[in-house]
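The values are calculated or read from the model by the stated rules, or taken from the named source; none is laboratory data. The structure presented is a predicted model; accordingly, all values stated were derived computationally and were not measured. Don't worry about glycine lacking a Cβ; one is built from the backbone with ideal geometry, like all the others, and counts go over all protein chains shown. The protein model used for the area step is the full one, side chains on, heavy atoms only, and it has no ligands, DNA or RNA in it. Shrake-Rupley method; radii C 1.70, N 1.55, O 1.52, S 1.80 Å.
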Amino acid sequence: MMQKVFTKPEALKDCQTHYCPGCGHGIAHRLIAETIDELGIRGRTIGIAPVGCSVLAYDYLDVDMVEVAHGRAPAVATGMKRTNPDKIIFSYQGDGDLAAIGTSEIIHAAHRGEQITVIFINNAVFGMTGGQMAPTTLLEQVTTTTPLGRDAGKQGYPLQVSELLAILPGAIYIERCALSNPAQVRKAKKAIKHAFELQLNNAQGLSLVELLSPCPTYWRMTPAKAIEWMENEMIKIFPLGRLKG
Amino acid sequence: MAGKIIINAERCKGCGLCITVCPKGGITISKQSNKSGYFPAQASNTDCTGCATCAIICPDAAIEVYRENNILDKPYKKTAPNLKGKK
């Protein structure tokens, strides 16, 4: 007798996503949906979709979602959590949203110790607008705006947001994971679940999980090569592990 | 066959990540495209153990995994070698 041991979580809608083949957003969506299902908080969770490739996250996650101005998710989450303390508020943001235009919002939300959960997807490139350099782009990485590779003298160094936030007393849990292989995906799931549980248990402070995620299209690689590049190059600059909490 | 996977061909985009992680090499890319024009993955299911690594890495949640009951019921302790007794 065969028993079903793995299937699509209920909090994930039954439709095809618009993401490119091999994109890490799909894995991140599934992990969040699994967490929401396991904690049984689907009825009281409100998600905030970002601007970026995952702008249509509300079409895929079957929870209440709002769409906010570019980078302002932590500010909106602040208001939602303060007025509805019994709700579970999470924001889902990419590196263009959180590390570029929304740097101020995330730093001040962490600084104030807002009781929200942030899922930060870092793919080292601006995906939706056509593969331009992001603050998180690695040195010597070729993008459409750095055709000769990112040069530290001209474009600066990759921005390590998690390290920045970890020094703030208002942030209680910061962890960086990678969506590179099944073992790392399992670790990422644990981290996301822990971040949600902290909010569920009324822990005072912001919890953030950074997920290194492949973007095969704008890294101009096959999905398998993108995973390899992430494991060999990206993890050197963005070391995995629990930075705080 | 201790396990079996079912790939939802309409959700699958043929990225091939499942092929890279399958320990038994039991997944290939189909020659038939789906409605979106992608060539989805297909499973042979001959040696499948139901380990679910393919489903865990799948970005499109397109894989359902089934496993034999008796494997699930058997506690790990009983199958693991008894290391404590050895000196």
Quiz prompt | Theoretical gain in end-to-end length, A:Thr222 to A:Asn201 [0.36 nm per residue, Cα-Cα removed] | solution = 3.4 nm
Quiz item: Cβ under 13 Å from A:Gly43's Cβ, A:Gly43 left aside: what net charge do those residues give with Lys, Arg +1 and Asp, Glu -1?
Solution: -2
Quiz item: At a probe radius of 1.4 Å, what is the per-residue accessible area of A:Leu198, in Å² to the nearest 10?
Solution: 40
Self-check item: For region B:36-60, residues shielded by at least 40 square angstrom of accessible area compared with the chain on its own, probe 1.4 Å
Solution: B:Ile56, B:Ile57, B:Pro59
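When Cβ neighbours within 10 Å are restricted to other protein chains, what is their mean count per residue of peptide A:212-219? Numbers along the way, then the final one.
Values: counts 0, 1, 3, 0, 2, 0, 0, 0.
Mean shielding by partner chains, rounded to a whole number: 1.
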Quiz item: Tally Lys/Arg at +1 and Asp/Glu at -1 over every other residue whose Cβ is under 12 Å from the Cβ of A:Ala183; what's the total?
Solution: +3
Practice problem: Could you estimate the translational diffusion coefficient of the protein assembly as shown from the Stokes-Einstein equation, with Rh from the Kirkwood formula over C-alpha pairs, at 10 °C and 1.306 mPa s, in whole µm²/s? | Solution: 77
Exercise. Order B:Ser33, A:Ser162, most accessible first, counting only protein heavy atoms with a 1.4 angstrom probe.
Key: B:Ser33, A:Ser162
Practice problem: Give the percent of DSSP beta bridges with both residues in the protein assembly as shown that are antiparallel, rounded to the nearest 5. | Solution: 40
Practice problem: State whether region A:158-214 is rounded, prolate or oblate according to the following rule on the C-alpha gyration tensor (a ≥ b ≥ c being the square roots of its eigenvalues): a/c under 1.5 gives rounded; otherwise a/b larger than b/c gives prolate, and the remaining case gives oblate. | Solution: oblate
Self-check item: Stretch in chain A that is longest and holds no GluC sites (Glu not before Pro) that DSSP places in a loop and that have at most 16 other beta carbons within 10 Å
Solution: A:11-139
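Ballpark to the nearest 100 Å², how much total accessible area do B and A bury together, probe 1.4 Å?
Separately minus together, B and A give about 2600 Å² buried.
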Quiz item: Under unit Cβ charges (Lys, Arg +1; Asp, Glu -1), what dipole magnitude, rounded to 20 debye, does the protein assembly as shown have relative to its Cα centre?
Solution: 1160
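Return the average number of partner chain Cβ atoms within 10 angstrom of each residue Cβ along peptide A:226-232.
Average per residue, whole number: 1.
For A:His111, A:His25, what's the largest-to-smallest order of accessible area, 1.4 Å probe?
Solvent-accessible surface, decreasing: A:His111, A:His25.
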Quiz prompt | Per residue value of the accessible surface for the protein assembly as shown (all protein chains in place, 1.4 Å probe), Å² | solution = 45
Practice problem: Express the carbon and sulfur contribution to the solvent-accessible surface of region A:25-244 as a percent, rounded to the nearest whole number, probe 1.4 angstrom. | Solution: 55
Quiz item: So what is the 222 nm mean residue ellipticity for chain A from helices alone, if each DSSP H run of at least 4 adds -39500 (n - 2.57) and you divide by all residues, rounding to the nearest 500 deg cm²/dmol?
Solution: -9000 deg cm²/dmol
Practice problem: Please name whichever of A:Ala224, A:Ser207, B:Thr49 sits farthest to the positive end of the charge dipole of the protein assembly as shown, dipole taken about the Cα centre and charges placed at Cβ: Lys and Arg +1, Asp and Glu -1. | Solution: B:Thr49
